[in-house]
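The values are calculated or read from the model by the stated rules, or taken from the named source; none is laboratory data. Quantities reported herein were computed from a predicted structural model and do not represent experimental measurements. Glycine gets a Cβ as well: all are built from the backbone with ideal geometry, and neighbour counts include every protein chain shown.
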Amino acid sequence: MPRQHFDSLDIKILEMLSNNARKPFLEIARETHISGAAIHQRIQKLTSAGVILGFRTEIDPAAVGYQTCAYIGFILNDPTKFDEVVARLREIPEVVDCHFTTGTYDIFARIYARNNAHLLEIIHKRLSLGLGRTETLISFKEVFKRPVPIVSENLE
């Protein structure tokens, strides 16, 4: 996607929504001294341009029974099998994100499991893709998570 150019209103809207995706458009309008209709149009423009990808609800995995978070690096015997591996990973609901990477791993994925036994079952029964080898790192605790910083010097 080509780099977008933003004015100060776009930047302010992106800052507000990245901090709180549920912030009402009318509240954004009041804080920016712009009409609600204009804010709605700006957000539609940012969404249509692919800048805003969506509005999501973030759920605590532990609260819904997923106590184990792990990162799995895939080292493929044949890197041309990337699409095949990704297609198979998409079929596993516990795999929540997947990245094509440089360095040691060809693919790096994050997975949530109910517990370590469930993780082992997923690795042995659903992740044995026969296309290379994997390395698994278990996360003890997420220390922090934040949205991408919205700073004007990156956007102008």
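Suppose we filter PHE108, PHE82 for residues that are outside any loop (DSSP other than H, G, I, E, B), assigned by TED's automatic domain parsing to the domain that holds LEU131 and farther than 17 Å from LEU137 by Cα; which single one remains? If you could, list the steps in order and put the result at the bottom.
On the way: PHE108 fails: farther than 17 Å from LEU137 by Cα.
Every option except PHE82 fails the conditions.
For ARG30, only one of the following conditions fails: (1) within 17 Å of the chain's Cα centre (by Cα); (2) outside the structural domain of LEU127 (by TED's automatic domain parsing). What is its number?
If we test ARG30 against (1) within 17 Å of the chain's Cα centre (by Cα); (2) outside the structural domain of LEU127 (by TED's automatic domain parsing), just (1) comes out false.
Could you please find all residues in region 20-68 being of a type in the set (Gly, Ala, Ser), under 20 Å from VAL96 (Cα atoms) and loosely packed, with under 10 Cβ neighbours inside 10 Å?
Hits for region 20-68 are GLY54, ALA63.
Those residues that are free of Cβ contacts under 8 Å to residues at least 60 places away in the same chain and assigned to a strand (DSSP E or B), I need them from region 118-134; list them, please.
So the first thing to find is which residues in region 118-134 are free of Cβ contacts under 8 Å to residues at least 60 places away in the same chain, and the list is 118-133.
The answer is GLY132, ARG133.
Kindly establish whether GLU135 is touching a strand residue (DSSP E or B) at 6+ places or on another chain (Cβ under 7 Å), over 30 Å from LEU17 (Cα atoms) and surrounded by fewer than 13 Cβ atoms within 10 Å (Cβ to Cβ).
yes
When both residues are 6+ apart or on different chains and their Cβ atoms are under 6 Å apart, which pairs have a first residue that lies in region 21-32 and is touching a residue at least 24 places away in the same chain (Cβ under 8 Å), and a second that is loosely packed, with under 13 Cβ neighbours inside 10 Å?
Final answer for the pair search is ALA21/PHE55.
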